[in-house]
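Data block below; observations after.
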Amino acid sequence: EFPAGDEGYHTYGELTEVLRNTADEHGEIVSLSDVGSSYEGRSLHLVKISDNAGQDEDEPEVLFTCNQHAREHLTTEMCLRIVERFTDEYGSDPTVTELVDTREIYVIPTVNPDGAEYDIENGRYKGWRKNRQGNGTDLNRNWGYQWGCCGGSSGSPYSETYRGPSAFSAPETRAVASFVESRVVGGTQQIKAHLDFHSYSELVLWPYGYTYDDANDTMTPEEARRFQEVGERLAASNGYTPQQSSDLYITDGSINDWMWAEHDILSLTFEMYPAGGGGLDGFYPPDERIEPETQRNDEAVEILVAEAGNQV
Ligand code: 0X9
Ligand code: CA
Ligand code: CA
Ligand code: CA
Ligand code: ZN
């Protein structure tokens, strides 16, 4: 469980219950399933929010993923807020209503439930980042595009950025990737935009992470400009700092690079509160910060959901 005073965060069990209740209360616009299971067998919950959620309609699809990194618990609360907001405000908030009616919104609130539960075992934070397979794989180094290419991950199982023995060796990344692959319908990827939440540093990051180049054979200068334009628009809404991912540091095998290179999905990362300075403590803001720091991204989430419908 979470340490005393931080009960505002949701354990995996509490998260599961909230999602089930939300699906029960909003059956017309919510469909709850999973993309598969974690290494230890926990369901990787998938929430779909749209009018006629039970049907695959011809609407632009958008994906939110949270908690690839175990200790980044604030991100799970972010995905939960997206679910609650797009359901509770449906029919009253005009923007939410319009977006739910014209998009298919997918949310995976925790990609790494095993790691997250391990991180709070016995009511003490452990600073755990990876999944729970062996000594742990860094899920955001395990994606299958330019996996292990460029010094942006480690081949040592004890490293915090261990990439795993092969691309998609982690059941969690394999499951999310298979879901994304399943959204290719009639040869067209239905998911048009994706946001992966991390903490911390208050950044908006776009691909590529594996190279310092802005554009190359898999990203035209126009496409690179679109990433920057959208990234800057998102950052203007929440006060984060926008930059290309590799300007932070080189990562290989990250989720954004795969989403763009393999599926042409406009895929970005947010690094949430705090801005810096906290060391390990930065991963554990008091639960009083959940409300303001997730609300801070409401407009950015709307911008991205809307952007999924912009033909390019
Ligand atoms: O290193 C990471 O995986 C992310 N930072 S964190 O402190 N949350 O671990 C940044 C990933 C950004 N890289 C790409 N988007 N390619
Ligand atoms: Ca508290
Ligand atoms: Ca619909
Ligand atoms: Ca569809
Ligand atoms: Zn992270």
At a probe size of 1.4 Å, how large is the accessible area of Val305, to the nearest 10 Å²? 0
Between the alpha-carbon centers of segment 15-54 and segment 117-196, tell me the distance in whole angstrom. 21
Compare Gln68, Gln55, Gln295 in a GNM of the chain, Cα atoms joined below 10 Å, and give the one with the largest fluctuation. Gln55
In segment 130-209 the accessible area split gives carbon plus sulfur, as whole percent at 1.4 Å, a share of 48
Selection of trypsin sites (Lys or Arg not before Pro), segment 108-194, meeting DSSP coil and at most 16 other Cβ within 10 Å: Arg124, Lys126
Students sometimes get this wrong: rank Asp196, Asp264, Asp213 by accessible area, probe 1.4 Å, all chains present, largest first. Asp264, Asp213, Asp196
Is there a quick way to get the dipole size of the chain? I mean about its Cα centre, with the Cβ of Lys and Arg at +1 and of Asp and Glu at -1; what is the value in debye to the nearest 20? 1140
In the chain, what percentage of the DSSP-assigned beta bridges are antiparallel, given to the nearest 5? 40
Residue by residue, what Karplus-based ³J(HN,Hα) values in Hz, rounded to whole numbers, does segment 54-69 have, using 6.51, -1.76 and 1.60 with θ = phi - 60° and x for Gly and Pro? x, 10, 8, 8, 8, 10, x, 9, 9, 10, 10, 10, 9, 6, 4, 9
May I ask for the Rg/Rh ratio of the chain, computed from Cα atoms with Rh as the Kirkwood radius, given to two decimals? 0.93
Segment 57-125 - percent relative contact order, Cα under 8 Å, separation 6 or more: 50
Which three extents, in angstrom, do the Cα atoms of segment 250-312 have along their principal axes, listed largest first? 40, 29, 14
Note down the magnitude of the dipole of segment 113-162 about its Cα centre, charges +1 on Lys and Arg C-beta and -1 on Asp and Glu C-beta and zero elsewhere, to the nearest 20 debye. 80
Across 5 Å bins from 0, what is the distribution of all Cα-Cα pair distances for segment 128-198, in whole percents? 3, 16, 24, 21, 17, 10, 6, 2, 0
Dipole moment magnitude, nearest 20 debye, segment 195-257 about Cα centre, only Lys, Arg, Asp, Glu C-beta charged: 240
Based only on Cα atoms, what mean projected area does the convex hull of segment 8-112 have, in nm²? 6.5
Loop only by DSSP, 11 or fewer other Cβ within 10 Å of the Cβ. Give me the chymotrypsin sites (Phe, Trp or Tyr not before Pro) in segment 106-203 that pass, ordered by residue number. Tyr158
Give me, ordered by chain and number, the residues 5 or more places off Leu44 or on other chains with an amide H under 5 Å from its own placed amide H. Val35, Gly36, Ser37, Ser38
Tell me which of Ser178, Ser159, Val107 sits at the most positive position along the dipole axis of the chain, charges placed on C-beta atoms (Lys, Arg +1; Asp, Glu -1). Ser159
Note on segment 49-196, DSSP bridge orientation, antiparallel percent to nearest 5 equals 20
Over segment 77-214, what per residue volume does the convex hull of the Cα atoms give, in whole Å³? 160
From the residues Trp258, Met78, His194, which one has its Cα farthest along the dipole of the chain in the positive direction, the dipole being from +1 and -1 charges on Cβ of Lys/Arg and Asp/Glu about the Cα centre? Trp258
Would you list the P(r) distribution for segment 162-282, with all Cα-Cα distances sorted into 5 Å bins from 0 and each bin expressed as a whole %? 2, 11, 19, 22, 20, 16, 8, 2, 0, 0
Per-q log10 I(q)/I(0), segment 171-228, q = 0.27 Å⁻¹ (Debye; single scatterer per alpha-carbon; no solvent): -1.12
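The values are calculated or read from the model by the stated rules, or taken from the named source; none is laboratory data. Predicted, not measured: the structure shown is a model, and the values here were computed from it. So basically every Cβ, Gly included, is an ideal-geometry build from the backbone, and we count neighbours across all protein chains shown. Quick note on the areas: whole protein, heavy atoms, side chains included, nothing else; ligands and nucleic acids left out. Shrake-Rupley method; radii C 1.70, N 1.55, O 1.52, S 1.80 Å.
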